[in-house]
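Working notes, structure below.
The values are calculated or read from the model by the stated rules, or taken from the named source; none is laboratory data. For clarity, every value in this text was computed on a predicted model and none was experimentally measured. Because the Cβ atoms are built from the backbone with ideal geometry, glycine has one as well, and the counts that use them run over all protein chains shown.
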Amino acid sequence: MKNDMRITYPLWQMAGIFIIMGFVLLVGYAATVNTFSDGGFGFEISMSGNSGILLNAMMVIVVFYLLLFCLRIAKHNKRMPKHKISMTTYKPQEYLEDDELFQDVTKQATKKVYTYFAWALPVMAGVYLMLPISKTWMIVGVLLLAAGQYWIYYRTIRKFMSSV
Amino acid sequence: MLKNRLKELRARYSFTQIELAKQVGVTRQTIGFIEKGEFSPSVTLSLKLAKALDCDINEIFWLEGEEEHEE
């Protein structure tokens with residue numbers, strides 16, 4: 001179980017979210033949106049100086065992340081053929097459903113995530129309504145919310161695994 | 001709360017947690033958690049355990065507070 005990637009899968013998801021967040025911030029600061037009076041809008045991205053360097057660095061990180069992610073999945077699938085991680089299924093890969101104990105732990109973790117969203121979404125909607133937040137930071141907020149769900153899920157499973 | 005004497009009965013048959021787990025089709029961790037009283041198994045699993053240990057389900061599991069009744 002120690003080398004089971006299904007346990008660390010939420011951390012990989014979080015890393016992916018943080019990479020996307022990097023792109024959002026980069027584009028958010030480098031892009032200019034022009035709204036026209038006759039309808040429609042123009043979207044312009046100017047990559048110069050530091051933005052260009054950052055974009056290249058981000059691309060390297062993405063390639064490195066994807067390579068490492070795919071390698072780890074291949075390693076996991078080879079080691080645990082009964083519990084393969086597949087990108088073609090609709091079900092989240094981090095679910096542990098080996099038997100009724102693991103189903104119960106997964107249920108506990110997903111319940112915590114549900115509770116988190118039940119509170120966090122209305123709070124976030126309220127904050128977005130009341131504060132003048134830019135689109136970039138709104139997206140960053142949503143991404144942080146998404147990362148939070150994986151952290152809660154991971155912590156619950158980790159706590160269980162450490163007691164096994 | 002559900003109490004049990006799974007560990008004691010398992011020892012009677014000299015089963016390891018892994019062996020018993022294999023017999024009833026669960027993981028070793030599940031047997032460990034049941035023995036520690038941290039997980040209440042389903043009726044199906046309880047019946048499988050009773051069958052594997054060749055005893056009645058009431059010999060393995062009982063409700064807290066019913067110890068006096070059992071004794």
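Beta carbons closer than 6 Å, at least 6 apart along the sequence or on distinct chains, pair a first residue in region A:38-67 that is under 17 Å from A:G28 (Cβ atoms) with a second that is outside any helix (DSSP H, G or I) for A:F41/A:V33; A:F41/A:T35; A:G42/A:N34; A:F43/A:V33; A:E44/A:T32; A:I45/A:A31; A:L55/A:M47. Among the criteria (1) within 11 Å of another protein chain (Cβ to nearest Cβ); (2) of a type outside the set (A, V, I, L, M, F, W, C); (3) without any contact (Cβ under 8 Å) to a residue 12 or more places away in the chain, the one B:G25 does not fulfil is (3). Identify all residues within region A:83-121 that are over 20 Å from the mean Cα position of the chain (by Cα) and under 16 Å from A:Y9 (Cβ atoms); write none if there are none. Once the filter is applied, which keeps residues that are over 20 Å from the mean Cα position of the chain (by Cα) and under 16 Å from A:Y9 (Cβ atoms), region A:83-121 yields A:H83, A:K84, A:E97, A:D98, A:F102, A:V105.
Restricted to region A:106-136, and to residues there that are assigned to a helix (DSSP H, G or I) and at pLDDT below 95, the residue that is nearest to B:G32 (Cα to Cα) is A:T136. Would you check which residues across region A:103-136 are touching a helix residue (DSSP H, G or I) at 6+ places or on another chain (Cβ under 8 Å) and aromatic (F, W, Y) and list them? Those that are touching a helix residue (DSSP H, G or I) at 6+ places or on another chain (Cβ under 8 Å) and aromatic (F, W, Y): A:Y116, A:F117, A:Y128.
Would you check if there is a residue in region A:118-135 being under 30 Å from B:S40 (Cβ atoms), exposed (fewer than 14 other Cβ atoms within 10 Å of the Cβ), within 14 Å of chain B (Cβ to nearest Cβ) and not hydroxyl-bearing (S, T, Y)? No. Take the conditions (1) closer than 22 Å to A:V105 by Cα; (2) part of a loop (DSSP other than H, G, I, E, B); B:D54 misses just one of them, which is (1). If we keep just the residues of region A:77-97 that are within 14 Å of chain B (Cβ to nearest Cβ) and out of contact with any helix residue (DSSP H, G or I) (no Cβ under 7 Å at 6 or more places or on another chain), which is farthest from A:K159 (Cα to Cα)? Checked region A:77-97; the qualifying residue farthest from A:K159 (Cα to Cα) is A:K82. If you filter region B:13-22 down to residues that are buried (at least 17 other Cβ atoms within 10 Å of the Cβ) and part of a helix (DSSP H, G or I), you find that the one that is nearest to the other protein chains (Cβ to nearest Cβ) is B:A21.
Going by the structure shown, is A:M14 assigned to a helix (DSSP H, G or I) and without any contact (Cβ under 8 Å) to a residue 60 or more places away in the chain? Don't jump to the end; show me each part of the working.
On the way: assigned to a helix (DSSP H, G or I): yes; without any contact (Cβ under 8 Å) to a residue 60 or more places away in the chain: no.
Answer is no for this residue.
When the test is whether a residue is assigned to a helix (DSSP H, G or I) and of a type in the set (S, T, N, Q), B:S40 does not pass it.
Please work out if B:R10 is surrounded by 12 or more Cβ atoms within 10 Å (Cβ to Cβ), under 26 Å from A:E97 (Cβ atoms) and within 13 Å of chain A (Cβ to nearest Cβ). Break it down stepwise before answering.
Working: surrounded by 12 or more Cβ atoms within 10 Å (Cβ to Cβ): yes; under 26 Å from A:E97 (Cβ atoms): yes; within 13 Å of chain A (Cβ to nearest Cβ): no.
Considered against the rule, which asks whether it is surrounded by 12 or more Cβ atoms within 10 Å (Cβ to Cβ), under 26 Å from A:E97 (Cβ atoms) and within 13 Å of chain A (Cβ to nearest Cβ), B:R10 comes out as no.
Tell me whether region A:76-91 contains one or more residues that are surrounded by 11 or more Cβ atoms within 10 Å (Cβ to Cβ) and in contact with a Pro (Cβ under 7 Å, 6 or more places away or on another chain). Within region A:76-91, none of the residues are surrounded by 11 or more Cβ atoms within 10 Å (Cβ to Cβ) and in contact with a Pro (Cβ under 7 Å, 6 or more places away or on another chain). Under the condition of being within 9 Å of chain A (Cβ to nearest Cβ) and of a type in the set (S, T, Y), the residues counted in region B:41-57 number 2.
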